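Below is one structure, written out as structure tokens; comments come after it.
The values are calculated or read from the model by the stated rules, or taken from the named source; none is laboratory data. None of these values were measured; they are calculated from a predicted model. Ideal geometry is used to build each Cβ from the backbone, glycine not excepted, and the neighbour counts take in all protein chains shown. Heads up: the accessible areas ignore ligands, DNA and RNA and are worked out on the full protein's heavy atoms, side chains in. Shrake-Rupley method; radii C 1.70, N 1.55, O 1.52, S 1.80 Å.
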Amino acid sequence: MTRETNDFAQQFASDNYAGICPEAWAAMNAANQGHATAYGDDVWTTRAANEFRDLFETDCEVFFVFNGTAANSLALASLCQSYHGVICCDASHVETDECGAPEFFSNGSKLLVAPAVDGKLTPTAIRELATRRQDIHYPKPRVVTVTQPTETGRVYSLEELQAISAACKEHDLSLHMDGARFANACASLGCSPAELTWKSGVDVLCFGGTKNGMAIGEAVIFFDRKLAVDFDYRCKQAGQLASKMRFLAAPWVGMLESGAWLKNAEHANGCARYFADRVGCIGNLEVVSKVDANSVFLNAPEDILNALRSRGWRFYTFIGGAARIMFAWDSDLKRIDALLSDLEECACAASTSSTTK
Ligand SMILES: *Cc1c(COP(=O)(O)O)cnc(C)c1O
């Protein structure tokens, strides 16, 4: 079978190409015993929520939804009224990849977009947007959302987050974190989930399970319980209340009890470093920015990228303008080596053809 037709071969287009990790799978299997009360009134859901309280070292309020778009949109909607504004950066998933869901579920809260480098908001950008207009004709800024790690694979340091949180407090803004890859940020910084969230001023976190090795599911975690009032109704109305909730919750129990959430992220981040260390030595290729998490962005001439595509490799180029190579909980070093050697061959062929022209 040629590489092009092997549909089961690992790709590095996104971490959501990967399957379900053994720990999540085993917990789903264990939950598949007999009957359980529906809509979250079951032991698995209680256990999963308590696991999060242990992990975050606080009595947070926890909800389970199907995907990240819903998690972000509903969390943001719970933080503002329809006439409020949500400060985000131009590359943020809520702005570029959620089909207007944050505005839809908040009945029109406007995203106030800051131009940003590496997908990072800064206190200066927040202050600028929070004070740009004070009149009644403009939406009142009420929330700030940050993505950790960012869409371009950078991680906010604790100091950066604390400075953002200070700017939020100055302007009476809540702080939301899109943590579709939150585990990768924890693995990257080596700090505790508590330090990375409520201890640094985060009010609500969307903790991604899908890209971390689960089949489906994100947890919405409110560190300020007052903000979670009626969130269950919001989920239900949005079609995000699973009736067989135990199957959304159980994988979290498997991930958190076993430590797989962190192990998976460490593996994926390690693969990104491995790849970046080697790909940087290939002529004509340039790693665009610092590799903090599980993605590497490559600047490469279009003919090299096309040659790679024709060898069956998939990757996205619409994020940040470069080729994104992204690693998952199960990324296989042999397959990474195969990509590296194809890259080397394609780069070499491209440079010989350009010198013989
Ligand atoms: C993947 C992702 C999400 C969630 O996307 P869904 O497809 O809705 O699950 C949210 N934010 C970021 C930054 C993501 O990469």
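A few points about this structure:
- Heavy-atom accessible area per residue - the chain, 1.4 Å, Å²: 44 Å²
- Rounded percent of accessible protein surface that carbon and sulfur make up, the stretch 70-132, 1.4 Å probe: 53 percent
- Over the stretch 140-241, relative contact order from alpha-carbon pairs under 8 Å, at least 6 apart, %: 23 percent
- Dipole magnitude (debye, nearest 20) for the stretch 14-131, charges at Cβ of Lys, Arg, Asp, Glu: 220 debye
- Taking all pairs of distinct alpha-carbon atoms in the stretch 22-258, Kirkwood radius in angstrom: 17.8 Å
- Longest to shortest principal axis, alpha-carbon extents of the stretch 195-318, angstrom: 55, 33, 28
- Unit charges at the beta carbon, dipole of the chain: most positive-side option, Q148, G239, L173: G239
- Approximate spin-label separation W25-E345, in nm, with each point projected 7 Å along Cα-to-Cβ: 3.0 nm
- Gaussian network model of the chain, Cα within-10 Å springs - most flexible of F104, F318, F52: F318
- Take every pair of alpha-carbon atoms less than 8 Å apart whose residues are at least six positions apart; their mean separation over the length of the chain yields a relative contact order of 24 percent.
- The simple spin-label model puts a point 7 Å past each Cα toward its Cβ; for Y17 and Q162 those points are separated by 4.0 nm.
- Expressed to the nearest 5 percent, the antiparallel share of DSSP beta bridges inside the chain is 50 percent.
- Estimated D of the stretch 32-147 in µm² per second, where Rh is the Kirkwood radius over Cα pairs and Stokes-Einstein applies at 25 °C, 0.890 mPa s: 152 µm²/s
- The Rg/Rh ratio for the stretch 43-111 is 1.07, where Rg is the radius of gyration of the alpha carbons and Rh is the Kirkwood radius.
- Formal net charge of residues neighbouring A293 (Cβ-Cβ distance under 12 Å; K, R +1; D, E -1): +1
- Over all orientations, the stretch 160-226 has a Cα convex hull whose mean projected area works out to 4.7 square nanometres.
- Residues of type lysines that K290 reaches as a straight line, Cα spacing below 29 Å, ignoring anything fewer than 8 places off in the same chain: K120, K199, K211, K263, K334
- Among the DSSP helices (H) of the chain, those spanning at least 30 angstrom by Cα along their long axis with an average Kyte-Doolittle hydropathy of 0.0 or more are 333-356; this is a geometric and hydropathy rule only.
- Along its first, second and third principal axes, ordered by size, the stretch 82-185 spans 40, 30, 19 Å in Cα coordinates.
- Assuming charge only on the beta carbon of Lys and Arg (+1) and of Asp and Glu (-1), the dipole of the stretch 22-258 about its Cα centre is about 320 debye to the nearest 20.
- Loop-located GluC sites (Glu not before Pro) in the stretch 2-111 (DSSP state other than H, G, I, E, B) with a sparse environment of at most 14 neighbouring Cβ atoms within 10 Å: E57.
- Taking a point 7 Å out from the Cα of Y39 in the direction of its Cβ, none of the residues of the stretch 186-228 has a backbone N less than 17 Å from it.
- With Cα atoms as the point set, the stretch 255-357 shows a radius of gyration and Dmax of 14.8, 60 Å.
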